[in-house]
1. For A:42-48, what's the mean count of beta carbons from other chains sitting within 10 Å of each residue's beta carbon?
2. Can you give the average number of partner chain beta-carbon atoms within 10 Å of each beta-carbon in peptide B:82-91, as a whole number?
3. Just checking the output field for A:99-105: average partner chain Cβ neighbours within 10 Å of each residue's Cβ?
4. What would the Debye formula give as log10 I(q)/I(0) at q = 0.15, 0.17 Å⁻¹ for the alpha-carbon point model of the stretch B:3-109, no solvent?
5. State whether the stretch B:43-101 is rounded, prolate or oblate according to the following rule on the C-alpha gyration tensor (a ≥ b ≥ c being the square roots of its eigenvalues): a/c under 1.5 gives rounded; otherwise a/b larger than b/c gives prolate, and the remaining case gives oblate.
6. Out of all DSSP beta bridges with both ends in the stretch A:4-111, state the antiparallel percent to the nearest 5.
7. Can you tell me the Rg and the Dmax, both Å, for the Cα atoms in chain A?
8. Starting from the Cα of A:Arg100, step 7 Å toward the Cβ, then list every residue of the stretch A:1-43 with an amide N under 18 Å from that point.
Amino acid sequence: DMKVTQMPRYLIKRMGENVLLECGQDMSHETMYWYRQDPGLGLQLIYISYDVDSNSEGDIPKGYRVSRKKREHFSLILDSAKTNQTSVYFCASSGTTNERLFFGHGTKLSVL
Amino acid sequence: GDSVTQTEGLVTLTEGLPVMLNCTYQTIYSNPFLFWYVQHLNESPRLLLKSFTDNKRTEHQGFHATLHKSSSSFHLQKSSAQLSDSALYYCAYMGYKLTFGTGTSLLVDP
């Protein structure tokens, strides 16, 4: 069963709190991604991971960091969350960078 | 750098009329991969079409697109819109990373 699972689905945090978004996939995909989706801006790449401990910044990495210690797990961390980080965050994975992306169902984060 | 442009933010159509959503790209790569993803309300994006072959029509679920390298375009088309086609459509380009356009919302009215 090909699946990307994100936890949690919804999250409310106060400004300055730390945030951990988790993502798992059961397809042994090498490449994993974190995107945020905002109206009018589309899907913006935060970080890409090519394998365990092989992570690269995307287009908007500022304010975020990631961790990939196992191929099937990819975490997004917000240290001291800001209100402008309120968004829907999507994790995705692919077998190679030229293959289709499989997306998780998203995490809706509100930072108050 | 690489970029993908979707000129329409919102397209509103009456059911049964043809659909055309525009997508152009800029890249230094000579062999780009182009994709269309569709996202229905409260769902995650999923792949609709992909292509890397110049001037070859790609079809799926009634939609089709042709990659034209000469004009750097990959427009999405459908001959007759259905109510269930209402969704957000993303064009995406793969160079060294996957770059998404800003998306086009398609609303199909009865």
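1. For this peptide, the per-residue mean of nearby foreign Cβ atoms is 5.
2. Averaged over the peptide's residues, the number is 1.
3. The per-residue average across the peptide is 5.
4. -0.56, -0.72
5. Oblate.
6. 90
7. In Å, with Rg to one decimal and Dmax whole: 13.0, 38.
8. Residues A:1-5, A:25-33 fall inside that zone.
Every number in this text was worked out from the coordinates using simple rules, so none of it is lab data. None of the values given here were measured: they were computed from a predicted structure. Neighbour counts run over all protein chains shown; Cβ positions are idealised from the backbone, glycine included.
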